[in-house]
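Read the structure below first, then the notes.
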Amino acid sequence: MKNSNAIKVACVGNALSKRIPLSFMLFLLFLLPLSVQGQLPKSFSSVLKRAEMIFEMPENYVEAEIIDNRHMQYDYAIKHPEKKFEIRYAIRPMDVQLLQYNEYKKKGATVIHPNNFYPAVAMTVALNVAKTEPAPLSEFPTDAVKNEFNADKGCTTGFDVKSDFATGYKYCMMVVIQKDNIGTAYYFYLAEDSSTIMECMASVFHSLRFRE
């Protein structure tokens, strides 16, 4: 992604061609909260709701264990069933920050609006988890990040990752997207080398996005 000039658009699935009996459709709707929504941990579902985001599990991927660490806490993780490739998601809603900002403004204090923490915080996060100097943040085109993630801004960078943040992985590509006044999301694509990330990321790149 460092040298990319645009975000690739993900393919959409084909519509169902067979007519499904009404009774079977009702049965599927009854099972939906258990088979799809119920798969996500409550803590992750809660932070998704606060940040007005949608998560879709990529086909064939499985949930990965969350590893506690002192560098960057995250909310959810998935991994490839065969290849050494993992994606970690950290979501930071702005609701509490905006309340605090408004309270300080009422008191006449000079404070930075939460929207303006980006991209300084993004680089700070990269520095926290990087073993080597991160590449400069590469901004996504505004139209592309809006169309694909319903976000206002986004960027990416890559680096060798600290082993105690991502044991067993060497390389990380970090993607950040932000919707102003709503929240910021961080994606950490982890692999033993950057070529694995580029090979696998197409099917997972749009797994998390802001609601319309």
Which listed residue is free of Cβ contacts under 8 Å to residues at least 12 places away in the same chain, out of contact with any Ser or Thr (no Cβ under 6 Å at 6 or more places or on another chain) and over 17 Å from residue 201 (Cα atoms), from 98, 127: 127
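Looking at residue 72, is it at pLDDT 95 or above, assigned to a loop (DSSP other than H, G, I, E, B) and under 14 Å from residue 185 (Cα atoms)? Break it down into steps so the answer makes sense when it comes.
Numbers: at pLDDT 95 or above: yes; assigned to a loop (DSSP other than H, G, I, E, B): yes; under 14 Å from residue 185 (Cα atoms): yes.
It is true that residue 72 is at pLDDT 95 or above, assigned to a loop (DSSP other than H, G, I, E, B) and under 14 Å from residue 185 (Cα atoms).
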Filtered residues of the range 177-197 (kept if closer than 15 Å to residue 160 by Cα and without any contact (Cβ under 8 Å) to a residue 60 or more places away in the chain): 193, 194, 195
Flag if residue 71 is more than 28 Å from residue 180 (Cβ to Cβ), over 13 Å from the mean Cα position of the chain (by Cα) and surrounded by 14 or more Cβ atoms within 10 Å (Cβ to Cβ): no
Matching residues, the range 180-202, being in a strand (DSSP E or B) and over 12 Å from the mean Cα position of the chain (by Cα): 190, 191
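Answer with yes or no whether residue 58 is under 21 Å from residue 148 (Cα atoms) and not hydrophobic (A, V, I, L, M, F, W, C). First the steps, then the outcome.
Working: under 21 Å from residue 148 (Cα atoms): yes; not hydrophobic (A, V, I, L, M, F, W, C): yes.
Criteria met by residue 58.
The values are calculated or read from the model by the stated rules, or taken from the named source; none is laboratory data. Keep in mind the model is a prediction, meaning the values are calculated, not measured. Note that we place each Cβ from the backbone using ideal geometry, even for glycine, and neighbour counts take in every protein chain shown.
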